[in-house]
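Structure record follows, encoded as structure tokens.
The values are calculated or read from the model by the stated rules, or taken from the named source; none is laboratory data. Since we're looking at a predicted model, the values are computed, not measured. Cβ placement follows ideal geometry from the backbone for every residue including glycine, while neighbour counts extend to all protein chains displayed.
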Amino acid sequence: MDLEPGETKEVSFQITEEDLKYHDKQLRYCAEEGSSLYLSVVTPRKCKARCLN
């Protein structure tokens with residue numbers, strides 16, 4: 001999504017456990033238990049991160 005300087009938009013999407021899976025050091029395909037999700041927004045001028053619980 002592209003935004004003009006100063007423009008804001010609200011977006012929403014669903015993230016499933018399957019979306020969070022990765023291969024660990026033993027090459028098992030798994031997702032870690034927990035309730036925190038970190039989202040980052042990167043622009044040429046700044047970077048924001050938010051923790052959603």
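I'd like to check something: does region 22-32 contain any residue that is at pLDDT 85 or above and aliphatic (A, V, I, L, M)? Within region 22-32, one or more residues are at pLDDT 85 or above and aliphatic (A, V, I, L, M).
Yes/no matrix, rows are residues, columns are (1) at pLDDT 80 or above; (2) touching a strand residue (DSSP E or B) at 6+ places or on another chain (Cβ under 9 Å):
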{"residue": "4", "(1), (2)": "yes, no"}
{"residue": "9", "(1), (2)": "yes, no"}
{"residue": "15", "(1), (2)": "yes, yes"}
{"residue": "36", "(1), (2)": "no, yes"}
